[in-house]
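Values quoted throughout were computed directly from the atomic coordinates according to the rules given, and no laboratory measurement underlies them. Quick caveat, the model's predicted, so the values are computed rather than measured. Cβ atoms come from the backbone with ideal geometry, glycine included; neighbour counts cover every protein chain shown.
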Amino acid sequence: MSFASSACFNEAGSIFRIEPNLIKAIALVESNLKNDSIGKNRDKKNNIKSFDYGLMQINQMHIPMLKKRGIIKDERDLLDNPCLNIKIGTEILYNHFSRCGVTWQCLGTYNAGFAMENQKKRLQYAKKIYVVYTRLNEIDKRKALAK
């Protein structure tokens with residue numbers, strides 16, 4: 001298992017012009033920074049409807065497009081290459097922001113999608129991210145002051 005360093009978050013942030021701590025907050029909430037995390041999405045009857053892979057919990061719906069673009073061979077690449085997973089997740093977030101604006105509500109679409117009935121889920125997710133993002137920024141400020 002590889003390790004995702006801060007450099008991975010910084011690089012993805014630089015490429016897509018998204019704050020690295022925001023990306024890291026998403027990875028913390030989604031997978032607790034576990035590279036090999038596989039999430040199961042279930043319907044109301046508790047049947048598995050899809051899987052999410054790696055640090056940024058990339059949904060399986062993205063796999064065909066990622067294969068077509070030559071970015072991955074299969075879902076294993078999303079688990080074995082944390083920096084790649086971070087870049088892909090950040091690109092997905094960037095595409096969402098391009099579609100609905102750089103807002104907390106839009107950030108919530110990363111997890112809850114765009115459906116109108118998921119507005120409450122989007123806000124709940126965004127609040128979780130905001131709390132972690134704020135903590136990460138506070139930690140960075142303390143480190144800077146300690147130097």
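Which of the trypsin sites (Lys or Arg not before Pro) found in region 11-45 are in a DSSP loop and have at most 12 neighbouring Cβ atoms, other than their own, within 10 Å? Don't skip to the answer; put the middle values down first.
Values: sites: ARG17, LYS24, LYS34, LYS40, ARG42, LYS44, LYS45; in loops: ARG17, LYS34, LYS44, LYS45.
Within region 11-45, the qualifying trypsin sites (Lys or Arg not before Pro) (loop, at most 12 other Cβ atoms within 10 Å) are ARG17, LYS44, LYS45.
Would you compute, from DSSP H runs of 4+ residues alone, the mean residue ellipticity of the chain at 222 nm, taking -39500 (n - 2.57) per run and dividing by the full residue count, rounded to the nearest 500?
Details: 8 runs with 89 residues, N = 147.
After summing the helix terms and dividing by residue count, I get -18500 deg cm²/dmol.
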- State whether the chain is rounded, prolate or oblate according to the following rule on the C-alpha gyration tensor (a ≥ b ≥ c being the square roots of its eigenvalues): a/c under 1.5 gives rounded; otherwise a/b larger than b/c gives prolate, and the remaining case gives oblate. oblate
- When ARG69, ARG76, ARG122 are ranked with the fewest other C-beta atoms within 10 Å first, the list becomes ARG69, ARG76, ARG122
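Among the listed pairs LYS45/LYS120; LYS68/LYS128; LYS49/LYS121; LYS49/LYS87; LYS44/LYS121; LYS24/LYS87, which are separated by more than 22 Å between their Cα atoms? Walk me through the numbers before you get to the answer.
Working: LYS45/LYS120 20 Å; LYS68/LYS128 33 Å; LYS49/LYS121 18 Å; LYS49/LYS87 25 Å; LYS44/LYS121 15 Å; LYS24/LYS87 11 Å.
Correct reply: LYS68/LYS128; LYS49/LYS87.
Where nothing but the Cβ of Lys and Arg (+1) and of Asp and Glu (-1) is charged, how large is the charge dipole of the chain around its Cα centre, in debye to the nearest 20? If you can, show how the numbers build up before the last one.
Details: 25 positive and 14 negative charges, 83 e Å.
Approximately 400 debye in magnitude.
If contacts are Cα pairs under 8 angstrom and at least 6 residues apart, what is the relative contact order of region 30-133 in percent? Mind showing how you got there, number by number?
Numbers: 127 pairs, mean separation 17.3, N = 104.
Across region 30-133, relative contact order equals 17 percent.
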- Among GLY13, GLY113, GLY89, the residue with the largest mean-square fluctuation in a Gaussian network model of the chain built from Cα contacts under 10 Å is GLY113
- Grab the Cα-Cα distance for ALA146 and SER5, subtract it from 0.36 nm times how many residues apart they are, and report the gain in nm with one decimal. 48.6 nm
- Task: Could you go through region 44-49 in sequence order and give the Karplus-derived ³J(HN,Hα) for each residue, using 6.51 cos²θ - 1.76 cosθ + 1.60 with θ = phi - 60°, rounded to whole Hz, and x for Gly and Pro?
- Result: 5, 8, 6, 7, 5, 10
- Query: Just how far, in whole angstrom, is region 10-38 from region 95-120 if you go by their alpha carbon centroids?
  - Reply: 17
